[in-house]
Amino acid sequence: MDIFHISSTQAVLLQDISAVPSPGFLWLDATHDEVTADVNAWRDTVERATGVHIYDLHLSDAVNLSHPSYFDATQDYALMVFRKLALAADKSDADQAKRRIPPALSKLDTKPVTFLLMDNALVTVHAENSRTIDAMRSRLLEARNKREGATYANRPPASAEELMLRLLNAMVDQYLALRQPLTAQIDRWQRALLNPRSLFNDWTALLDARIELRKLDQLSEGQHDAVQELRDYLIDSHSGGDGRAKDMLLVRANDVMEHIARVLNHARRLESTIESAVQIHFSAMAHRTSEIMRTLTVITALFMPLTLITGIFGMNFVDMPLIKGRDGFWIAMALMAAIVVVLLFVFRRKRYLDDGGLNGDQ
C-alpha cells in the first residue's frame, strides 16, 4: 500500500507513517490483492495512519469484486463502491471474435473501486493497473514543487473530498468516451438492417449489444444513486464550514452526476434506436413479402382464365367449336391475349400494379 501526503504545494510518497506532516491530508492507495493478502494488517495500517477503525462489513465490501455501486456512511468515515470501466485489454481477442462484439461494447466489463472518505484522509482500493488511479498518482507527483503558475486543473487537490471527486469524474469520463464508437456501430447496424439488397445475419452481435446497453443502463443508475448520496453526505458534513470550499465540492459532485446522467440517457437512446431499427427491419420485410404476394396474385389472376380456356379445349368431346377449324388455334390464342390485355387494363385502373396498389380504388 502506498501512502501519499498531499498539501497545497505538493504530494509526497511517505515511507514512514509515524511522522506525518500536519498540513494537508493523506491518500492511502492499495490494490485488491494487497488487501486480501492480509486484511487485518492492512486495516491496522490504515488505523495507525488515520486513527479510524474500519468495520468488518465495510472491509468485506472493499474486497468484494462483484459489489455494485453503493454508498454508506458512519460517524467516522463514508464508504463508496464505484464500478469503473475495465480496459479492453482485460478481454482476450478470441473471446471478442467468438461473440462478434464491437470493440466499443467489449469494454463494458467493470471493476469496483472502493473509497473510504475520512476527515483528513482518503483510502482507495482498486484492481491492478487502474488507469485512472495511476494517472492521478503520476499527475500528483509530477506537480511537486510546481505550485507557481499552476492552474486549477493541475494543482494538488485541496481536500480528500476533492481528490475523491476528481477520481470519480475521471472514471465517468471513460464511459463518456464510449458514446462515439457505440453510436457509429449502431448506425452501421441500422444501415445493414434497412438495406434491401442484403440479408442481415448479425443477430447474435445485435442481441449482445442490446444486453450490454441494458447493463450500462443499470450500471449508470447505480452510480448515479451512489453519487447522489455522496453529494448529500458532503452537504451535511460541511454544514457551517467554509462556504467556498463547500460550493466547489458541490459543483464537482453535480458535474459527476451530470456526466453519469448523460451516459445513462445515451445508453437508453441507443437501446431505443436498436429496437426501432429492428421493428423497421421487420416492417420492411413484411412490406417486401406483401409486394411479392401481390405480384404472384396478379400473375395467378392473369393465368386463371387462360388455364380455363386450355382446360375447355382439352376436353375429350367429339364435336367442339374451333377444334377442326383451320383458324381455331389462332382464334384461341387471340382470345387469350385479349383477356390478358383486358385484365392488365383493369388492374392498372384499379392500381393493383402500382406501389400503392393495396390502397387503390375499390
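The values are calculated or read from the model by the stated rules, or taken from the named source; none is laboratory data. None of the values given here were measured: they were computed from a predicted structure. All Cβ positions, glycine included, derive from the backbone under ideal geometry; neighbour counts span all protein chains shown. Areas reflect the complete protein model, heavy atoms only, side chains present, ligands, DNA and RNA absent. Shrake-Rupley method; radii C 1.70, N 1.55, O 1.52, S 1.80 Å.
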- Query: Quick one: net charge of Leu199's neighbours, Cβ under 15 Å, K/R +1, D/E -1?
  - Reply: +2
- Item | Given charges at beta-carbon only (K, R positive; D, E negative), |dipole| of the chain in Debye | 2400
- Task: Keeping the other protein chains in place, figure out the carbon and sulfur percent of the accessible area of the chain, with a 1.4 Å probe.
- Result: 55
- Item | Acute angle (nearest 10 degrees) that the helix 160-176 long axis makes with the longest principal axis of the chain, alpha-carbon atoms | 20
- Just from its helices, what would the mean residue ellipticity at 222 nm be for the chain, if runs of 4 or more DSSP H residues each count -39500 (n - 2.57) and the sum is divided by every residue, rounded to the nearest 500 deg cm²/dmol? -19500 deg cm²/dmol
- DSSP loop chymotrypsin sites (Phe, Trp or Tyr not before Pro) in segment 150-218 with at most 11 other Cβ atoms within 10 Å of their Cβ, which ones? Tyr152
- Message: From Cα pairs below 8 angstrom and at least 6 apart in sequence, can you work out the relative contact order of the chain, rounded to a whole percent?
- Response: 15
- Note on the structure: Projecting the Cα atoms of Val340, Thr273, Ser66 onto the charge dipole of the chain, where Lys and Arg contribute +1 and Asp and Glu -1 at Cβ, the residue farthest towards the positive end is Val340
- Item | Proximal charge balance of Arg262 [Cβ under 12 Å; K/R count +1, D/E count -1] | 0
- Query: What whole-number value in Å² describes the accessible area per residue of the chain for a 1.4 Å probe?
  - Reply: 56
- Task: Return one number: the angle in degrees, 0 to 90 and rounded to the nearest 10, between the long axis of the Cα atoms of helix 243-313 and the longest principal axis of the Cα atoms of the chain.
- Result: 10
- Message: Quick query: amide H of Arg83 versus all other amide H atoms, modeled in the peptide plane; which residues come in under 5 Å with a sequence gap of 5 or more or a different chain?
- Response: Ser69, Val113
- Note on the structure: Largest-first ranking of Leu140, Leu343 by accessible area, probe 1.4 Å, whole protein assembly kept, is Leu343, Leu140
- Query: If packing is taken as the mean number of other Cβ atoms within 10 Å per residue, what is the order of 256-266, 115-125, highest first?
  - Reply: 115-125, 256-266
- Message: I'd like the distance between the alpha-carbon centres of segment 276-349 and segment 188-258, rounded to an integer number of Å.
- Response: 61
- Full-stretch length increase - Val251, Leu194 - with 0.36 nm per residue and alpha-carbon distance subtracted: 16.1 nm
- Message: Which one, Trp189, Phe282, Gly311, projects farthest toward the positive side of the charge dipole computed for the chain from Cβ point charges (K/R +1, D/E -1)?
- Response: Gly311
- Task: At a Cα cut-off below 17 Å, give the aspartates and glutamates reachable from Lys215, other chains included and same-chain residues fewer than 8 away excluded.
- Result: Asp109, Asp225, Glu271, Glu275
- Plugging the Cβ-Cβ distance of Ser237 and Gln279 into 1/(1 + (r/R0)^6) at R0 = 35 Å yields, to the nearest 0.05, a FRET efficiency of 0.10
- Would you mind putting 209-215, 309-315 in packing order, based on average other-beta-carbon counts within 10 Å, highest first? 209-215, 309-315
- Task: Mind sorting out which of [x] 139; [y] 124; [z] 240 is the real volume of the Cα convex hull per residue in Å³ computed from the coordinates?
- Result: [z]
- Message: Once R0 is set to 51 Å, what does the formula 1/(1 + (r/R0)^6) return for the Cβ-Cβ distance between Glu221 and Met293, expressed as a FRET efficiency to the nearest 0.05?
- Response: 0.65
- May I ask for the angle, rounded to the nearest 10°, between helix 179-193 and the longest principal axis of the chain, with both axes built from Cα atoms and the value confined to 0 to 90°? 10
- Query: Which trypsin sites (Lys or Arg not before Pro) from segment 264-362 combine a DSSP loop assignment with at most 13 other Cβ atoms within 10 Å?
  - Reply: Lys324, Arg326, Lys350
- Counting alpha carbon pairs within less than 8 Å and at least 6 residues apart, what relative contact order, in whole percent, applies to segment 1-47? 37
- Task: Pick out, from Asn201, Ala226, Ile211, the residue whose Cα sits farthest towards the positive end of the charge dipole of segment 186-240, with +1 on the Cβ of Lys and Arg and -1 on the Cβ of Asp and Glu.
- Result: Asn201
